[in-house]
Amino acid sequence: MKQKHTAKVLSQREIAPDIYDMWIETPLAADARPGQFLGIYPKNQSTLLPRPISICETDAGKGALRIVYRIAGAGTREFSGYGPGDGISLLGNLGNGFPLEQGAGKRVFLMGGGIGVPPILELAKRLEAQKRIIVGYRDGNLFLKEDLEKYGTLYVATEDGSAGTKGNVMDAIRENGLEADVIFACGPMPMLRAIKAYAGQRDIPAYISLEEHMACGVGACLGCVVKTKEIDHHSHVHNARICTDGPVFEAREVEV
Amino acid sequence: MPISGMFESARYARKSAQRGRSMNTQVTLAGVTLKNPVMTASGTFGSGMEYSEFVDLNRLGAVVTKGVANVPWPGNPTPRVAEVYGGMLNAIGLQNPGINVFLERDIPFLKQYDTKVIVNVCGKTVEDYVEVVERLGEEPAVAMLEINVSCPNVKEGAIAFGQKAEALFDITKEVKRHAKQPVIMKLSPNVTDIAEMAKAAEAAGADAISLINTITGMKIDIHKRKFALANKTGGMSGPAIKPIAVRMVYQAATAVRIPVIGMGGIANAEDAIEFLLAGATAVSIGAMNFVNPCTCVEVVEGIERYMEQYHVENVTELIGGLRE
């Protein structure tokens, strides 16, 4: 039976303002896939619900998972205070992750925006393809840049123009004249909408990772749904569950 | 899995018996005997499928399903959930696949397990409720019906029937006229006098009542200056509401002779026992399933430990078992 378990924090450091990079020792590392996420439970019982946090990197050999997350509220603020040896309560691995087979051997864009950048790292590591990694940041705090560079050609966009293309990831694609057969992406909703439109015009598939407020994380509460083109298999009402049917969807299947 | 699950539960029963004194955890609700008083709260457990990966459903007194309507309901726009201090708000809006899919998919799934199946029924009109109740009447695997007249998150039906004693009386009467299984009316805490509501349900022939459903609440995001939920209001659940729920269960249980199923913020066996002592015959675990998917079974085990510790031979001794 699956169960919530307490894992051990191996290390943690702040890699940009309010962005934390944590390695966790857990048996979940053995079969974690890129694009899957963990439900992490704060210890403070005034904040009860699991925080959905994407898996940034896995090290199956060491039995370790890496998460990179932003402080968004009381729960993530608590996590940011954990140090080596502390327990961290989690449920995983949740969701389906990116369909690697759809990109194998092709020209792919791996696109991340802001706190959507982290899951792109493990995806870039695992995917065997012509990888163009296009990541967007608010400013010059280019967290995970050095890690990403190892696994593909990296293009950066910053909103304030402090590095790479001034603007967003779509501007970076245009400025560099890039082309792809398939897109994988995670980031804020406006970015995902732009990617859906871009992929639609070119009639190429785009696998986008969605985010929504969640409660259970296992498909029972129906809190985190997204409107779908086809009737969903659970409730038969065009509302798929992001936690279990996603979080990655082909952009044409969802209304974002 | 279900078979090994049954084996597990048989082994557990033996183990409990071996601990010495005989211990009886059975309770009876309107003629339906549950192996223990612990069930799931509607809407927090789906039809058990998702949580069957985490808990052995054979260990539960009953599985209470998410509300089922006559046709599929899409539910509300997102965000549908928000965390609040010691609890959460939800405005799912009763998204459900409708009675056809429920009977074809969810009932066969639940039939595999040795637990009672209680189906929560929702509707926009009296006719909607009756249609679902009649369809379920043909299904022997369904032990009881729980009628949702208390969901605060849909515009029509549900709570509209649950906030006035006359309306509650009328729908209870109508449902009872068509129901083949015992009927539980699920009451809303969003009323002035819960005892009056409990009495209205009893007078109309309800076989049991369950309470509390969620308490209507609101959360505002001060950074965005927006409501946290697309529905603006949502139902509050979680440990923060427990004292209100215990009080209401006590008031309802004192007002009626039919059994009361207590719920509202139960996080562990101690909480569950509080509800039993307040007069509940059974208890439901709701929001805490989200916090620990194994909560239900932990509550079952905790009640057994409490019974051992206090030499309680029969769990029914705890029901309304407050001392002067």
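From least to most packed, judged by other beta carbons within 10 angstrom and beginning with the fewest, A:ASP21, B:ASP114 follow the order B:ASP114, A:ASP21.
Can you give the local net charge around A:ASP160? Use residues other than it whose beta-carbon is closer than 14 angstrom to its beta-carbon, Lys and Arg +1, Asp and Glu -1.
On the way: positive: A:ARG138, A:LYS166; negative: A:ASP139, A:GLU159, A:ASP171.
Here the charged neighbours net out to -1.
Between B:ARG105 and B:GLU127, the modelled labels are 2.7 nm apart [label points 7 Å from Cα along Cα→Cβ]. If R0 is taken as 60 Å, the Cβ-Cβ distance between B:LYS180 and A:ASN176 corresponds to a FRET efficiency of 0.30. Dipole magnitude for chain B: about 440 debye, using +1 per Lys or Arg Cβ and -1 per Asp or Glu Cβ, origin at the Cα centre.
Compare the peptides A:2-11, B:197-206, A:185-194 by average per-residue count of other Cβ atoms within 10 angstrom and give them in order, highest first.
Values: A:2-11: 15.7, B:197-206: 22.8, A:185-194: 19.9.
Highest to lowest by the protection proxy: B:197-206, A:185-194, A:2-11.
Centroid-to-centroid, using Cα positions, region B:195-211 and region B:115-180 are 13 Å apart. As a proxy for reagent exposure, ranking B:TYR113, A:TYR137 by other Cβ atoms within 10 Å from fewest up yields B:TYR113, A:TYR137.
What does the charge count around A:THR228 come to, taking other residues whose C-beta lies under 14 Å from its C-beta (Lys +1, Arg +1, Asp -1, Glu -1)?
Numbers: positive: A:LYS196, A:LYS227, A:LYS229, A:ARG241, A:ARG252; negative: A:GLU212, A:GLU230, A:ASP232, A:ASP245, A:GLU250, A:GLU253, A:GLU255.
Cβ neighbours under 14 Å give a net charge of -2.
Build a GNM of chain A with springs between Cα atoms under 10 Å apart, and of A:ILE173, A:ILE40, A:ILE231 the one that fluctuates most is A:ILE231. Under a Gaussian network description of chain A, with springs only between Cα atoms under 10 Å, the residue in A:ARG126, A:ARG13, A:ARG174 that fluctuates furthest is A:ARG174. Of the residues A:HIS238, A:ILE115, A:ALA194, the one whose Cα sits farthest toward the positive end of the charge dipole of chain A, with +1 on the Cβ of Lys and Arg and -1 on the Cβ of Asp and Glu, is A:HIS238. If R0 is taken as 56 Å, the Cβ-Cβ distance between B:GLU196 and A:ILE71 corresponds to a FRET efficiency of 0.70.
Between B:LYS224 and B:GLU324, full extension at 0.36 nm per residue minus the direct alpha carbon distance yields a gain of 30.8 nm.
Think of it as helices only: each DSSP H run of n ≥ 4 in chain A is worth -39500 (n - 2.57), and spread over all residues that comes to -4500 deg cm²/dmol at 222 nm. When only the Cβ of Lys, Arg, Asp and Glu is charged (+1, +1, -1, -1), the dipole of chain A relative to its Cα centre reaches about 220 debye. One way to sum up the overall shape of the protein assembly as shown is the equivalent ellipsoid from its Cα gyration tensor, whose semi-axes run 46, 26, 21 Å, largest first. Among B:ARG135, B:ARG177, B:ARG225, the largest mean-square fluctuation in a Gaussian network model of chain B, built with springs joining Cα atoms closer than 10 Å, belongs to B:ARG225. Farthest toward the dipole's positive end in the protein assembly as shown, which of B:VAL312, B:GLY162, A:ALA74, given Cβ charges of +1 (Lys, Arg) and -1 (Asp, Glu) about the Cα centre? Comparing the listed Cα positions along the dipole, A:ALA74 ranks first.
What net charge do the residues around B:LYS226 carry, taking every other residue with its C-beta under 14 Å from that of B:LYS226, with Lys and Arg at +1 and Asp and Glu at -1? In short, +3.
In the structure shown, do any of A:LYS196/A:LYS227; A:LYS4/B:LYS219; A:LYS8/A:LYS62; B:LYS35/B:LYS111; B:LYS66/B:LYS116; B:LYS35/B:LYS173 have a Cα-Cα gap over 18 Å, and if so which? Mind dumping the intermediate values first?
Numbers: A:LYS196/A:LYS227 14 Å; A:LYS4/B:LYS219 28 Å; A:LYS8/A:LYS62 13 Å; B:LYS35/B:LYS111 16 Å; B:LYS66/B:LYS116 15 Å; B:LYS35/B:LYS173 29 Å.
Checking Cα-Cα distances, A:LYS4/B:LYS219; B:LYS35/B:LYS173 exceed 18 Å.
Grab the beta carbon distance between A:LYS62 and A:MET1, set R0 = 45 Å, and tell me the FRET efficiency rounded to 0.05.
Working: r = 26 Å, r/R0 = 0.57.
So the FRET efficiency works out to roughly 0.95.
Inter-label distance, A:LYS229 to B:ASN314: 6.3 nm, where each label sits 7 Å from its Cα along the C-beta direction. When A:GLU122, A:GLU159, A:GLU146 are sorted by how many other C-beta atoms sit within 10 angstrom of their C-beta, beginning with the fewest, the order is A:GLU146, A:GLU159, A:GLU122.
The trypsin sites (Lys or Arg not before Pro) of region B:234-320 meeting both criteria, a DSSP state outside H, G, I, E and B (loop) and at most 15 other C-beta atoms within 10 angstrom of the site's C-beta, are B:ARG257. Each helix, a run of at least 4 DSSP H residues, gives -39500 (n - 2.57); summed and divided by the residues of chain B, these come to -9500 deg cm²/dmol at 222 nm. Computed from Cα positions, the angle between helix B:194-203 and the longest principal axis of chain B comes to roughly 80 degrees. For A:LYS229, a cut-off of 20 angstrom between C-alpha atoms picks up these aspartates and glutamates, skipping any fewer than 8 places away in its own chain: A:ASP203, A:GLU211, A:GLU212, A:ASP245, A:GLU250, A:GLU253, A:GLU255.
The H on the amide N of A:ALA240, modeled in the peptide plane, is under 5 Å from the matching H of A:VAL226, A:THR228, each at least 5 residues off or on a different chain.
Remark on the protein assembly as shown: A:CYS56, A:CYS186, A:CYS224, A:CYS243, B:CYS122, B:CYS151, B:CYS294, B:CYS296 stand apart, with no other cysteine beta carbon under 4.7 Å.
Under 18 Å of direct C-alpha separation, and excluding same-chain neighbours fewer than eight residues apart, A:LYS166 reaches these lysines: A:LYS145.
We did not get these values from a lab; they are worked out from the coordinates using the rules stated. Computed from a predicted model, the values in this text were never measured in an experiment. Cβ: placed from backbone, ideal geometry, glycine included. Neighbour counts: every protein chain shown.
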